[in-house]
Amino acid sequence: MTIPAIPRRIDVIRTFKEQGGYVAAVLPIHYPRSLLRAFNILPVEVWGPPGIKARDGAKHLQPYVCSIVHNALSFLQSGGLDITDILIVPHTCDSLQGLGSILLDFVSPKQPVIPIYLPRGKRESDVDFFANELRSIYRQLEAITGHSPTDADLLQSIYREEAADKLLSELHRCRRNLPFSNLAFYRLLRNREHLPAETFMELAQKALAQKVDTTQDGGIPILLSGIVPEPMSLLGAISQMGGVVAADDLACCGRRLYPPGQSDDPFRRIAERILYAPPDPTRGNSIKERLEHLLQLVETSGAKGVIFYEVKFCEPELFDLPQLRQGLQEAGLPSLTIEMDLNDPLSHQALTRLEAFLEMIQ
Ligand code: SF4
């Protein structure tokens, strides 16, 4: 059994542009995919990227800003995002908010920069606020592209993303009944970061067609939390040590299992989808909500421990950790924290701690 053939990111971008579309480079974490696609803009996410020379960004950023932001700015300044037409910078955290200001006030890249202000809650007033923010982004995209999609166009785009996210949730749900390694499975999932929804759905359907009735691995089940599993050799290392990622609470994956919206107003519907997604500290969800969510994931997946795989200097994550880990401990669930920098390989120390943790919980 094999993972379906995955198109290369650069080929996807070139093909989309050759067909008359635009491409937006999008910083983490939450943004309105369907709104962009209604303007024929393909969102391509930029989680760093890892393993680049982050020198250029260091001229503008303090050393205690995380490597995702350092790398993104360096990548932009070295021409790595020249193929893109728009930069989208959600105000996910102080570091990304700072990056947005640097881009708007100092660096002035060739692409227009669109910041996104996310509310820190999910009350009715938060949905109102975010729907208005999305209307403002609509007007900016209208000015850039000259297109004015109707409400019907927007809803059609929303329904397509909802269908893709339904398949993404299905992949998460039956991951242990699919014949893929940890690494192959996450390579598949992370295609949602740059493939058009319709292409991702084809891949997901081919993968789900390989589902079997019995659990495919006998590894030690763990729950993986954090921002992004980079370097992705982490996933191979977990397999080699006898572990299996049975569920995740990663910002790039499990925290973006957006539910369908309810409203017939396209802007409200997009807002509902993002604000009602699984809890995320960058959207202001409480530690209590996060703990309940983690315990729920543990219960449904059978995970025996939680690994918090964190980007160094990531304040939203690191602030929650002491209380989250204490809550897990009180529930009888061991946890481990590993911090990484996107530009470093997995350290021997990290591998040793991972191995010791897996031995302890098996
Ligand atoms: S890793 Fe943390 S600090 Fe860095 S961009 Fe992501 S949320 Fe912000």
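Points to keep in mind about this one:
- Taking the chain and dividing mean pair separation by its residue count, relative contact order in percent (alpha carbons under 8 Å, at least six apart): 19 percent
- Taking Lys and Arg as +1 and Asp and Glu as -1, the other residues whose beta-carbon sits under 15 Å from that of Pro109 total -2.
- Neighbour-limited loop hits for chymotrypsin sites (Phe, Trp or Tyr not before Pro), the stretch 138-187 (at most 15 other Cβ within 10 Å; DSSP other than H, G, I, E, B): none
- For chymotrypsin sites (Phe, Trp or Tyr not before Pro), the sites in the stretch 263-323 that DSSP calls loop and that have at most 16 other Cβ atoms within 10 Å are Tyr276.
- For the stretch 9-145, the relative contact order comes to 22 percent (Cα pairs under 8 Å, sequence separation of at least 6).
- Neighbour counting of Cβ atoms within 10 Å sorts the residues Ser181, Ser136, fewest neighbours leading, into Ser136, Ser181.
- Relative to the dominant Cα principal axis of the chain, helix 266-275 is inclined by about 30°.
- What you get for the stretch 9-145, charging only the Cβ of Lys and Arg (+1) and of Asp and Glu (-1), is a dipole of about 180 debye around the Cα centre.
- For the peptides 285-292, 145-152, 85-92, the ranking by packing is 85-92, 285-292, 145-152, with the highest mean count of neighbouring Cβ atoms within 10 Å listed first.
- For the stretch 174-218, a simple Cβ point-charge model (Lys and Arg +1, Asp and Glu -1, everything else neutral) yields a dipole of about 100 debye relative to the Cα centre.
- Dividing the summed helix terms, -39500 (n - 2.57) for each DSSP H run of n ≥ 4, by the number of residues in the chain produces a 222 nm estimate of -14500 deg cm²/dmol to the nearest 500.
- Dipole moment magnitude, nearest 20 debye, the chain about Cα centre, only Lys, Arg, Asp, Glu C-beta charged: 480 debye
- Going from the residue with the fewest nearby Cβ atoms within 10 Å to the one with the most, Val245, Val23 rank Val23, Val245.
- In terms of its C-alpha gyration tensor, the stretch 9-145 comes out oblate, because a/c is 1.5 or above while a/b does not outweigh b/c.
Read-outs throughout are calculated quantities, based only on the coordinates presented, and are distinct from any laboratory measurement. Just so it is clear, the structure is predicted and the values come from calculations on it, not from any experiment. Neighbour counts run over all protein chains shown; Cβ positions are idealised from the backbone, glycine included.
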